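Following: one structure in structure tokens, then a few remarks.
The values are calculated or read from the model by the stated rules, or taken from the named source; none is laboratory data. None of the values given here were measured: they were computed from a predicted structure. Counting neighbours? That spans all protein chains shown, and the Cβs are built from the backbone with ideal geometry, glycine included.
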């Protein structure tokens with residue numbers, strides 16, 4: 001009976017580095033993919049993270065315009081353009097030390113990736129990916145303030161799944177998933193508007209002598225005449241009286257109009 005034997009080969013952690021993998025002719029010509037975090041202020045610097053293994057499957061979403069159906073009673077609705085949509089990019093990749101994946105810890109790389117994902121005020125770009133992630137699409141209703149040099153994204157979600165750990169219980173291999181959304185925010189100049197001063201009349205305005213000597217400092221409230229509106233009952237009674245008088249309904253039904261105009265039997 002044939003038996004199956006699984007052999008695990010572990011390299012020396014001190015010699016397992018990126019150069020050992022690049023020496024192989026099978027991967028020496030592969031262009032590495034890079035996630036670049038751009039600065040939002042002059043004090044910050046650009047940071048790059050090179051993926052050790054390029055993702056094969058990348059999902060692109062929201063590539064079409066958003067359409068709306070305008071309902072029409074008794075017939076078919078009208079399909080009309082509503083708005084442009086921002087492209088989404090989802091991909092997963094293996095994170096491990098090239099040539100190892102069993103002993104060398106990748107905790108520092110995970111911390112750096114989480115820093116990228118938690119920097120919501122900064123945009124990222126995908127370097128050496130494909131045309132969809134490097135060349136921005138020109139919308140027909142695009143405003144001139146929108147960024148046109150390069151394509152930028154914001155990380156909306158990051159998740160990871162640990163696959164292997166070393167003897168120190170450190171993660172040595174993990175599957176990382178990124179979800180990105182295209183950033184088309186216009187360049188807006190933020191201007192600080194000072195608060196409006198609150199003008200308060202001086203407390204001395206309560207004194208008649210001060211108000212008389214300083215009429216411009218004290219604002220006198222003008223009393224407006226109140227508009228007297230008759231009650232609704234009086235209006236309805238007057239309308240009912242005029243209607244009964246014009247139709248002779250009071251005499252027909254034996255009603256007598258009172259002083260207030262309200263008919264009674």
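Worth a mention:
- Selection from region 141-166 of residues that are part of a loop (DSSP other than H, G, I, E, B), farther than 14 Å from residue 87 by Cβ and at pLDDT 85 or above: 166
- Test: residue in region 27-37 that is under 20 Å from residue 182 (Cβ atoms) and surrounded by fewer than 12 Cβ atoms within 10 Å (Cβ to Cβ): no
- For region 149-166, the candidate set comprises residues that are surrounded by 13 or more Cβ atoms within 10 Å (Cβ to Cβ) and under 20 Å from the mean Cα position of the chain (by Cα); within that set, the residue that is farthest from residue 137 (Cα to Cα) is 158.
Conditions tested, residue by residue: (1) within 22 Å of residue 174 (Cβ to Cβ); (2) part of a helix (DSSP H, G or I); (3) out of contact with any strand residue (DSSP E or B) (no Cβ under 8 Å at 6 or more places or on another chain).
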{"residue": "75", "(1), (2), (3)": "no, no, yes"}
{"residue": "95", "(1), (2), (3)": "yes, no, no"}
{"residue": "103", "(1), (2), (3)": "yes, no, no"}
{"residue": "125", "(1), (2), (3)": "no, no, no"}
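- When residues of region 57-75 are limited to those that are under 19 Å from residue 130 (Cβ atoms) and under 24 Å from the mean Cα position of the chain (by Cα), the one surrounded by the most Cβ atoms within 10 Å (Cβ to Cβ): 58
- Screening region 76-105 for residues that are touching a helix residue (DSSP H, G or I) at 6+ places or on another chain (Cβ under 7 Å) and either at pLDDT below 90 or surrounded by fewer than 17 Cβ atoms within 10 Å (Cβ to Cβ) (or both) and picking the one that is farthest from residue 177 (Cα to Cα) gives 99.
- For region 177-188, taking the residues that are under 19 Å from the mean Cα position of the chain (by Cα) and loosely packed, with under 15 Cβ neighbours inside 10 Å, the one that is modelled with the highest pLDDT is identified as 185.
Quick grid of which residues meet (1) surrounded by 10 or more Cβ atoms within 10 Å (Cβ to Cβ); (2) at pLDDT 75 or above; (3) outside any loop (DSSP other than H, G, I, E, B); (4) over 49 Å from the mean Cα position of the chain (by Cα):
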site: 168; (1), (2), (3), (4): no, yes, no, no
site: 175; (1), (2), (3), (4): yes, yes, yes, no
site: 190; (1), (2), (3), (4): no, yes, no, no
site: 194; (1), (2), (3), (4): no, yes, no, no
site: 198; (1), (2), (3), (4): no, no, no, no
site: 224; (1), (2), (3), (4): no, no, no, yes
site: 230; (1), (2), (3), (4): no, no, no, yes
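- Residue 108 falls short on exactly one of the conditions (1) farther than 19 Å from residue 186 by Cα; (2) surrounded by fewer than 17 Cβ atoms within 10 Å (Cβ to Cβ); (3) touching a strand residue (DSSP E or B) at 6+ places or on another chain (Cβ under 9 Å), and that condition is (3).
- Qualifying residue in region 84-91 (condition: over 14 Å from residue 52 (Cα atoms), without any contact (Cβ under 8 Å) to a residue 40 or more places away in the chain and touching a strand residue (DSSP E or B) at 6+ places or on another chain (Cβ under 6 Å)): yes
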